[in-house]
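Visitor: Take this structure, written in structure tokens, and hold onto it; I'll ask about it next.
Readers should treat all values here as calculations from the given coordinates under stated rules, not as data from a laboratory. Remember, predicted model here, so these are calculated numbers, not experimental data. Glycine gets a Cβ as well: all are built from the backbone with ideal geometry, and neighbour counts include every protein chain shown.
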Amino acid sequence: MTAYQTILPEQVTTWFRAGHTHQFPAGAGATVKYGNRQIAVFYFHRNRRWYACQNLCPHKLENVLGRGLIGEQDGIPKVACPLHKRTFSLETGENLNGDCPPVAVYPVRVEGEDVYIGFAD
Amino acid sequence: MQRIVVIGNGMVGHKFCDLFARHPRRGDFRLTVFGEERRPAYDRVHLSAYFADRDADKLALATRAWYADRDIELRTGELVTELDPERRILRTHLGHEMTYDYLVLATGSVPFVPPVPGKDKSGVFVYRTIEDLDAILDYAARLRQLPGARATVMGGGLLGLEAARATLDMGLATDVVEFAPRLMPRQLDEGGAASLRTTLEGLGLKIHLSRSTTAIGGNGCITHLDFADGTQLETDLLIISAGIRPRDELARKSGIAVGPRGGIVADRHMRTSAPDVFVIGEAALYRDMIYGLVAPGYEMARVALSTLMRDADPACMPESIDLSTKLKLIGTDVASFGDCLPQPGTARSIVYRDEAGGVYKRINVSPDGRRLLGGILVGDAADYNRLHQIYRNQLALPPQPQDLILGSRGSGGGDAGAGISELPEAAVICSCENITKGQLCGHLEAEQAHSVKDLIACTGAGTGCGGCKPILSDLVEQHLKARGKVVRHLLCEHFPHTRQELRDLIVLRQLRTYDEALDELGRGHGCEVCRPALAGIFATVYAETANPQAVIQDTNDRFLANIQRNGTYSVVPRVPAGEITPDKLIAIGAVAKKFGLYTKITGGQRIDLFGARLDQLPPIWEELIAAGFESGHAYGKSLRTVKSCVGSTWCRYGMDESVSFAIEIEERYKGLRSPHKLKGGVSGCIRECAEARGKDFGLIAVEEGYNLYVCGNGGARPKHAVLLAGPIDRRTAVRYLDRFLMFYLRTAGPLVRTAKWLETMEGGIDYLRSVVMDDVLGIAAELETEMQGLVNGYRCEWKEVIEDPEMRARFRPFVNTDDTEELEFVPLRDQQMPKPW
Ligand code: SRM
Ligand SMILES: Cc1cc2nc3c(=O)[nH]c(=O)nc-3n(C[C@H](O)[C@H](O)[C@H](O)COP(=O)(O)OP(=O)(O)OC[C@H]3O[C@@H](n4cnc5c(N)ncnc54)[C@H](O)[C@@H]3O)c2cc1C
Ligand code: SF4
Ligand code: FES
């Protein structure tokens, strides 16, 4: 868990190229590897917004969040873990339906057809 | 500012803090809480739920942040060891001292362990804290390697039976040893206890009554129990549940009055003998009794706080305390309320007993027949809420009081709704939180609450034992109905429609995709509730597989496999009716071996291969399909299996070839997506070896054809299917099934199984019969045509995937590399399993 820390846009030192836009499903998530870390990337195609968070679910520490259903609750974009349906805000990482620890979220930048994720190391 | 100190951060201690935090004068006080346990307060009542997932978070009553936000100092893992009521000082095991102005003892109780020699052997446990359960689980996990391992519970009371159910669920053969001549001697009479015993034995528990344990045997680890009558019982694990002892040691040492048999003496305001020291919860001795239930404990917290805060009209404890309880989790209903075991001559009892059904009901009414004094319900406690309310509110009884327990004759559904309108405003609906009908209705009328969820949020009702939730939902429905509002179960915040309305609108407007539906009928981006629900509608309207709109499918459907606890998947090929050729068995074996999959025969007469990585799913299916298999849809809300028995093909009693018929039916409805999963069964005779009546639809061969049963299930709330039609021939059976299933597909809410659908259907089975057999709605032909369309539209969705490179890309674990996931397995009996959590 300690490997994952939320990064704010102003803290980014490395923009890591995660892939081509068409490699990511519209309205769902996919997973990329950054060193030993797994990052889940989500594309909300209806308003063309991108989000990224750790793939590791803090509940049982399984690498599964990228395979969860996405959606929105009171305007907050979220992902539901496929294992026990804990939901996490993709804006703050906060657990919206329980008291799991938050997930780390990362800034995403799209340039042309390339998707980049921001890291501070 | 004055300081209040609470000793004990259990359920009742926490309730005190919660009430304190909401008290208007809380600003005059500082509050500090000491708790011996490591965790902040958790829900002991639902402790057994921990066995299911070992998830302590789910039991938490509050977090540290909750306390911090309310400016309450919480010191867990700190035991108060000394108390000086004169100087108003306490000291903890860490040597810290603190002074107080008011002290609240909420120290709870400990399990009573009788002084039997050998009680310190390993494998002997009590059942009270999360740590106790962890210890039991770890020990049981080791035992499971040992073939034939057994567990025993000492004590056949409320808690003991709950513990026994838990060890049984852990896969251990379980015995219950009770000292008294019957189970639950404090709550049940002989008839009730006998009925309970029969049911529990049916579940696989072994019950030994009138046994007094003289020694716990074994060399280091427990191996057996010795009884006073000279007999022995072999066991590898023992849970002692022989009652509780209040934790009064601190009070006793510091000179506060305790009862002759323990417990800290309390007056009507929960004051102890020491000035400004209160006692609440299971540590308190009030009117010579210890109360081992949360509701009285919560009442004590309320009374103590009110006294301490010098409320204008301070609360005091009622003269008599309601000890009604409804037992949870043991596999059958048990409840008792009021005076369940009255002295002879003080009451008239009415008893209903159905030995075959395992049902026993008894009510005790006053000799003049006017008032309900109490009662016992075993095997069917559906009437509990209603009877309990009648008892608590002393409502007038009907002229024939026996109607109270025989009342639901005919209609099938409980008529709790009718009961609720008769309750007075002052009736306490949630006894844990002491919330009345008047308060609840007030919130509904003021439009502050519109749903059960709102009511819970604004009043806290239903957050204790949860037993009142059915009444809350009755209240909401009734309130809405009374205002002429139709009660609609809306899908979610994105679609202001019921599932049935949405389905109709989608058909009417010919909407083909989720995005179109969201544009035309909904708002926002959707969520994990409406996406799969709409996916299901598209499947049943357009015979669409899970592939074209994979992103709106529930996780399991998106990858056409069930996710397992380590993120791997399981593979279940269809084996219609459980019939399989040796060649196909060999083919499955070969695939399992090649990919290293854990292999198991399922409860549904087929074979499950576990532990496939995401990227392995397409190659595995490629091989299975080449060997002639199709998807088993074990992941979908769809038809799973039609279980068969061998029938007249081989069996000497068979009335028909049930295997052939089961295959025909499974082939017909395979892959059929539905509001919830669907299972069927076909038995060759009434011996019912296919358990057809435990399924959503079941056929049982009889002399003149088949009887068709519908709306049964196993699972957490088992229900036997009820007779829809029969005897009928095979063709008619299929037609009725088409209509029945299609009607269910059209009208049931999301994730509502057939049994629950029928339960809430107005008119019940009679209405269903009139739709399916007499065609009162005039839609029978339409239903049949629609079903035939779905049958014709069937495709194996795994075949679709392996033939389409684009769809196969979905199964790549990482976008930016060909690495595969790294997973840890541990060996298990010649196979492997995921590393435990
Ligand atoms: C594999 C199997 C257990 C086994 O090792 O035997 C199984 C495994 C699961 N069952 Fe089951 N059930 C299995 C037979 C049953 C049966 C027995 C039967 O079908 O005769 C029942 C009781 C009968 C019934 O359904 O009425 C059963 C009642 C449940 C329930 C409770 C349903 C209910 O209405 O209360 C769930 C939970 C749910 O569906 O919401 C469930 C859910 C599950 C899930 C899907 C839980 C999950 O989401 O991960 C399990 C994963 C399956 C997997 O990964 O492949 N399983 N499950 C059985 C697969 C049968 C098959 O061949 O498809
Ligand atoms: C498995 C199980 C199932 C149950 N089911 C039901 C049910 O269905 N319905 C029902 O009404 N009730 C049920 N109960 C009973 C219910 O849980 C108790 O009545 C309730 O928890 C009592 O609350 P309490 O705060 O008095 O005691 P507890 O919850 O035991 O809390 C006391 C706390 O004080 C701490 N403590 C004690 N001494 C000190 C000290 N000197 N310093 C610091 N901390 C101290 C203890 O460690 C403990 O954490 C069940 C209990 C169990 C174990
Ligand atoms: S297989 Fe079924 S009964 Fe067994 S643990 Fe999973 S859901 Fe529960
Ligand atoms: S592992 Fe994610 S919710 Fe349980």
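Visitor: Quick one: give the max-minus-min coordinate of the C-alpha atoms of segment A:19-109 along each principal axis, largest first, in Å.
Guide: Largest first, segment A:19-109 extends 34, 33, 20 Å along its Cα principal axes.
Visitor: Let me ask you something else. Compute the Kirkwood hydrodynamic radius of chain B, taking the inverse of the mean of 1/r over all pairs of distinct Cα atoms, and give it in Å to one decimal.
Guide: On the way: mean 1/r = 0.0330 Å⁻¹.
In chain B this quantity evaluates to 30.3 Å.
Visitor: Can you pull the one-decimal nm distance between simple spin-label points at residue B:837 and residue B:649, each 7 Å off the Cα toward Cβ?
Guide: 4.0 nm
Visitor: Near residue B:233, within a Cβ-to-Cβ distance under 14 Å, what is the net charge of the other residues, with Lys and Arg +1 and Asp and Glu -1?
Guide: -3
Visitor: With an 8 Å cut-off on Cα pairs and a minimum separation of 6 or more residues, tell me the relative contact order of segment B:124-242 in percent. Walk me through the numbers on the way to the answer.
Guide: On the way: 214 pairs, mean separation 37.4, N = 119.
Averaging sequence separation for qualifying contacts and normalising by length gives 31 percent for segment B:124-242.
Visitor: When DSSP assigns beta bridges and you keep just the ones with both residues in segment B:639-792, what percent turn out antiparallel, to the nearest 5?
Guide: Once the DSSP bridges in segment B:639-792 are tallied, antiparallel ones form about 60 percent.
Visitor: Using a Förster radius of 60 Å, what is the FRET efficiency between residue B:747 and residue B:321 based on their Cβ-Cβ separation? Nearest 0.05, please.
Guide: My answer for the efficiency is 0.85.
Visitor: Antiparallel versus total DSSP beta bridges in chain B: what percent is that, nearest 5?
Guide: Values: 71 of 114 bridges.
Looking only at bridges with both residues in chain B, the antiparallel portion is about 60 percent.
Visitor: For residue B:807, what charge total do you get from the other residues with a beta carbon under 15 Å from its beta carbon, if Lys and Arg give +1 and Asp and Glu give -1?
Guide: Here the count lands on -3.
Visitor: Give me the one-decimal Kirkwood hydrodynamic radius in Å for segment B:124-242, with the sum taken over alpha-carbon pairs.
Guide: One over the average 1/r among Cα pairs gives 14.4 Å for segment B:124-242.
Visitor: If you bin every alpha carbon distance in segment B:197-278 into 10 Å steps from zero, what whole percent lands in each bin?
Guide: Here the calculated profile for segment B:197-278 is 14, 27, 19, 21, 18, 1.
Visitor: Among the lysines, which have Cα under 19 Å from the Cα of residue B:326 when same-chain residues fewer than 8 positions away are ignored?
Guide: Of all the lysines, those that pass the test against residue B:326 - Cα under 19 Å, at least 8 places apart if same chain - are B:361, B:469.
Visitor: Hey, another quick one. Need the list of lysines near residue B:670 for cross-linking: C-alpha distance under 24 angstrom, and skip anything on the same chain fewer than eight residues off.
Guide: Those lysines meeting the cut-off are B:584, B:600, B:637, B:643, B:679, B:695, B:719, B:756, B:799.
Visitor: Give me the net charge for the shell around residue B:793: Cβ to Cβ below 13 angstrom, other residues only, Lys and Arg +1, Asp and Glu -1.
Guide: Neighbour charge sum, excluding residue B:793 itself: 0.
Visitor: What percent does the relative contact order of chain B come to when contacts are Cα pairs within less than 8 Å and at least six residues apart?
Guide: Once divided by the residue count of chain B, the mean separation gives 7 percent.
Visitor: Would you mind computing Rg(Cα) / (2.2 N^0.38 Å) for the protein assembly as shown, counting N as its residues?
Guide: 1.01
Visitor: Going by amide H atoms built from the backbone, whose H comes under 5 Å of the H on residue B:3, apart from near neighbours?
Guide: Here B:30, B:101, B:102 satisfy the definition.
Visitor: For peptide B:58-66, what's the mean number of Cβ atoms from other chains within 10 Å of each residue's Cβ?
Guide: Averaged over the peptide's residues, the number is 1.
Visitor: Based on the inverse mean of 1/r over its pairs of different Cα atoms, what is the Kirkwood hydrodynamic radius of segment B:601-729, in Å?
Guide: For segment B:601-729, inverting the mean 1/r across all distinct Cα pairs yields 15.6 Å.
Visitor: If you don't mind, there's one more thing I want to ask. Give me a single rounded figure for A:63-74: the average over its residues of other chain Cβ atoms within 10 Å of their Cβ. Display every interim value, and only then the final one.
Guide: Values: counts 6, 5, 0, 3, 8, 5, 13, 7, 12, 7, 7, 2.
Partner Cβ neighbours, averaged per residue: 6.
Visitor: Calculate the translational D of segment B:499-556 in whole µm² s⁻¹ from Stokes-Einstein, where the hydrodynamic radius comes from the Kirkwood formula applied to all Cα pairs, the temperature is 4 °C and the viscosity 1.567 mPa s.
Guide: Taking Rh from Cα pairs, D becomes 115 µm²/s.
Visitor: I need the per residue convex hull volume for segment B:639-792, using only the alpha carbons, in cubic angstrom as a whole number.
Guide: 97 Å³
Visitor: How would B:268, B:753, B:769 line up from fewest to most surrounding beta-carbon atoms within 10 angstrom? Kindly include the intermediate steps, with their values, before the conclusion.
Guide: On the way: B:268 15, B:753 24, B:769 19.
Ranking B:268, B:753, B:769 by Cβ neighbours within 10 Å, fewest first, gives B:268, B:769, B:753.
Visitor: If the cut-off is 27 Å between C-alpha atoms, which lysines fall inside it for residue B:253, apart from same-chain ones fewer than 8 positions away?
Guide: Correct list for residue B:253: B:15, B:119.
Visitor: Alpha carbon centre of segment B:580-614 versus segment B:694-754: separation in Å?
Guide: Cα centroid to Cα centroid, the span is 30 Å.
Visitor: How large is the charge dipole for chain B, taken about the Cα centre, if only the Cβ atoms of Lys, Arg (+1) and Asp, Glu (-1) carry charge, to the nearest 20 debye?
Guide: Computed about the Cα centre, the dipole is about 960 debye.
Visitor: Would you mind ranking B:12, B:126 by Cβ crowding within 10 Å, fewest neighbours first?
Guide: B:126, B:12
Visitor: Sticking with this structure for a sec: On average, how many beta carbons from a partner chain sit within 10 Å of the beta carbon of a residue in A:88-99?
Guide: Across the residues of A:88-99, the mean count of other-chain Cβ atoms within 10 Å is 1.
Visitor: In percent, how large is the relative contact order of segment B:499-556, given Cα pairs closer than 8 Å and 6 or more residues apart?
Guide: 33 percent
Visitor: What order do you get for A:15, B:621 when you list them from fewest to most C-beta neighbours inside 10 Å?
Guide: A:15, B:621
Visitor: Now a separate question. Given the protein assembly as shown, what percent of its DSSP beta bridges are antiparallel, to the nearest 5?
Guide: 70 percent
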